[in-house]
Amino acid sequence: MTNDSGYLGLAGGFLRSAARAPEHVALEVDGARLTYAELRAYAQRVAATLTAHRAGEGAPLTCVLGQRSAAGFAGILGALCSGHGYVPMLPSYPAARLLVMIERARARALIVDGGARRVLPEVLASAPWPLLVLCLDERALPDPDAFPQHRVLGPGDLAPAEDWRPPAVTPDDIAYLLFTSGSTGQPKGVMVAHRNILRFLEVVTERYALTAADRFSHLFEVTFDLSLFDMFAAWSAGGTLCCPDPRQRMLPARYVVDSRLSVWFSVPSTALLMKETRTLEPGGFPGLRVSLFCGEALTTPVAEAWALAAPNARHENIYGPTEVTLACTTYGFGADIAARAPDGVVPIGAPFPGMRARVADPDTLREVEPGEAGELLMSGPQVALGYWDDPERTRAAFVVPPGESEIFYRTGDRARRPSQPSAPIEFLGRLDHQIKIRGYRVELGEVEAVLRREAGVDAAVAIGWPTTTSGGAEGIVAFLAPGPGAALDVGALQRRLAQHLPRYMVPRQVRVIDAFPLNNNGKIDRNALARTLQ
Ligand code: AMP
């Protein structure tokens, strides 16, 4: 499987940096430092092993179950170096959700790190078909005779790095498949092509003048697409990815200083937490050169406090959904942001180079007048391929509006079209029931579908509560009306929900009520339910 074109897709930037400076540190994790040469050899061994053992059937996708470990990163790079796209999965997810992801992705290969040891046996016991399982950490190796249906390899079975051959990948192949919350009760897989993510990386590398001297934060989970900036912007520039240890994750201000970070990227909630715990001190982060926020609304008090804490940095609020490859609009701000954003929310700015924004009437998709609000649509080279195995939802969200010839992605976000070309686009919230919980994207409809199924009821309502100043929520409260005489064990229901949903999607409270309030249209009045929480 050689590649005459020299095109290596998403892994290409890392491999070029490794060729340029093999002894430079690529990764700091778990108290260890891995040079580019070491991480490359690790990834190449994983890739060569995958290529030697996997059968030709199944989709060209490899699941990687791991997080913030050398093995997890080698797994991601190894999957890519083998010519597959990667499907990130978290060891903290319930086995049932991991199984849905493996099945939906039609993946035949699974790479795991040590953190996956607890959940792995349950996944292997119920896997839909025989898997090639690469345990990169001895601790995750199951009993050798326990799963004869699968081919389980351990760290001692890895092929030598010299066996690796550059894979045949094309710009249109899937680089990663990311499952996001889906309103019908099943997560949906966003297919992002190599050309989409490489375009994003090109733009940010140039815009922020990223270099090998940069040290990057890594606070995002690998199932959140923003983690790709941390890993691949760092490695394309030849810089160092600095993983926080558990203590540093609790104390992010210490992390900035102790890890000598120069590039910071987080959801605004992290900065809010730092502000609330009084760890954002003016001038506290002189070493930061670039600070970026994305994933949810950034409020002006948080932005201002951050700008004062990092006086030497360039600050930007970047915006975008997974379907438009991390981020597609940006707005630079400084300590004077409150005066520039009187409504208290930092604008999302202007499209990235080559991207186009259209603020449209959600019914007709015709552009609204300058200064008016509508749904934000985005087009350009970062628009992803669509939803995996779901042409219907792809057609509904990836559209060609009237008068256009290009595909635009319907973000579902409300935005205000600038009243004049030099003014920024303003973010106004969602048009649907998608919310953000500390940056995690949650379709309340998905929580409701699982609630209905597990409680055996016809209707359930999930509400983001308590709400935060940025328009997101800290958690979820659910309402059920099982009817007179129906017994519902709420504790048992919550335990069952936790077997299917990631922790942040499990309702903290389930309230059983006699009947749902209805609005004038006869629909369940969600606002009336939300008011009962105040
Ligand atoms: P995700 O696909 O998880 O990245 O979530 C995308 C959604 O997060 C967007 O559609 C917005 O609703 C929200 N979002 C992302 N960035 C921002 C931002 N800078 N300001 C406000 N909302 C944002």
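The values are calculated or read from the model by the stated rules, or taken from the named source; none is laboratory data. Note that this is a predicted model, so its numbers are computed, not measured. Because the Cβ atoms are built from the backbone with ideal geometry, glycine has one as well, and the counts that use them run over all protein chains shown. Accessible surface areas use protein heavy atoms only, side chains included; no ligands, DNA or RNA. Shrake-Rupley method; radii C 1.70, N 1.55, O 1.52, S 1.80 Å.
The table below gives the values:
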| read-out | value |
| --- | --- |
| Residue within segment 2-20 that is among the β-branched types (Val, Ile, Thr), open to solvent by 10 Å² or more (accessible area, probe 1.4 Å) and at pLDDT below 95 present | yes |
| Which numbered condition residue 33 fails, given (1) in contact (Cβ under 8 Å) with a residue 24 or more places away in the chain; (2) out of contact with any Phe, Trp or Tyr (no Cβ under 8 Å at 6 or more places or on another chain) | (1) |
| Checking residue 499 against (1) at pLDDT below 90; (2) more than 24 Å from residue 413 (Cβ to Cβ); (3) open to solvent by 80 Å² or more (accessible area, probe 1.4 Å), the condition it does not meet | (1) |
| Qualifying residue in segment 507-515 (condition: within 21 Å of residue 94 (Cβ to Cβ) and touching a residue at least 60 places away in the same chain (Cβ under 8 Å)) | yes |
| Residue, nearest to residue 416 (Cα to Cα), within segment 379-396, restricted to residues that are small (Gly, Ala, Ser) and crowded, with 18+ Cβ neighbours inside 10 Å | 379 |
| So residue 458, is it in a loop (DSSP other than H, G, I, E, B) and farther than 24 Å from residue 358 by Cα | yes |
| Pairs with Cβ under 6 Å, 6+ apart, first in segment 446-475 and surrounded by fewer than 19 Cβ atoms within 10 Å (Cβ to Cβ), second assigned to a strand (DSSP E or B) | 452/460; 457/480; 467/473; 469/299; 471/429 |
| Selection within segment 427-448 - more than 10 Å from the ligand (Cβ to nearest atom) and assigned to a strand (DSSP E or B) | 437, 443 |
| Subset of segment 366-378 [open to solvent by less than 20 Å² (accessible area, probe 1.4 Å) and out of contact with any helix residue (DSSP H, G or I) (no Cβ under 9 Å at 6 or more places or on another chain)] | 368, 374, 375, 376, 377 |
| Subset of segment 412-424 (residues that are more than 10 Å from the ligand (Cβ to nearest atom) and either open to solvent by 80 Å² or more (accessible area, probe 1.4 Å) or not assigned by TED's automatic domain parsing to the domain that holds residue 359 (or both)) | 416, 419, 420, 421, 422 |
| Residues (assigned to a loop (DSSP other than H, G, I, E, B) and in contact with a His (Cβ under 9 Å, 6 or more places away or on another chain)) located in segment 507-529 | none |
